[in-house]
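Down below is the structure, laid out as structure tokens.
Read the figures in this text as sums done on the coordinates, not as results from a lab. These numbers were taken from a predicted model, which means no experiment stands behind them. All Cβ positions, glycine included, derive from the backbone under ideal geometry; neighbour counts span all protein chains shown.
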Amino acid sequence: MAFKVPKEISPEQLEERLHQGETVMMLDVREPGEWFEGHLPGAKHIPLGALPERCGELDRNKEWVVMCRSGGRSGLACEILHERGFQVVNLTGGLLKWTGELTGERESN
């Protein structure tokens, strides 16, 4: 069965859902260095390369908004997860288009 283009959500739509207090399951598939530079508060981090063996950490009963830097890797992640029975939505334009809050885990020295 061929993979169809995943459902998509714009950064503005995601930000609106978050501002309304909706619980949104978010998955960031960027590399660790990118994650530490800034990510959405509450997002789960699993790098794309580790996703096939770590997808068991995700709740299959929830819809996941998948994100990366620009939307390419998250599109691949959506395909991987969709093939395993997950409900996925790709963040269009990735975090390059995000204008809302980001958090980082590095502390300044």
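Tabulated results
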quantity: Å³ per residue enclosed by the Cα convex hull of the chain; calculated: 104 Å³
quantity: At most 10 other Cβ within 10 Å, DSSP loop - trypsin sites (Lys or Arg not before Pro), the stretch 22-109; calculated: 106
quantity: Length-normalised contact order of the chain in % [C-alpha pairs under 8 Å, at least 6 apart]; calculated: 36 percent
quantity: Extension gain from residue 70 to residue 31, taking 0.36 nm per residue of separation minus the Cα-Cα distance; calculated: 12.8 nm
quantity: For the stretch 1-61, the spread of Cα positions along each principal axis, largest first, Å; calculated: 34, 33, 20
quantity: Label-point gap, in nm, between residue 10 and residue 102 - each point 7 angstrom along Cα→Cβ; calculated: 2.1 nm
quantity: FRET efficiency, 1/(1 + (r/R0)^6) with R0 25 Å, evaluated for residue 83 and residue 54 via beta carbons; calculated: 0.95
quantity: GluC sites (Glu not before Pro) restricted to DSSP loop in the stretch 29-103 with at most 16 other C-beta within 10 Å; calculated: 101
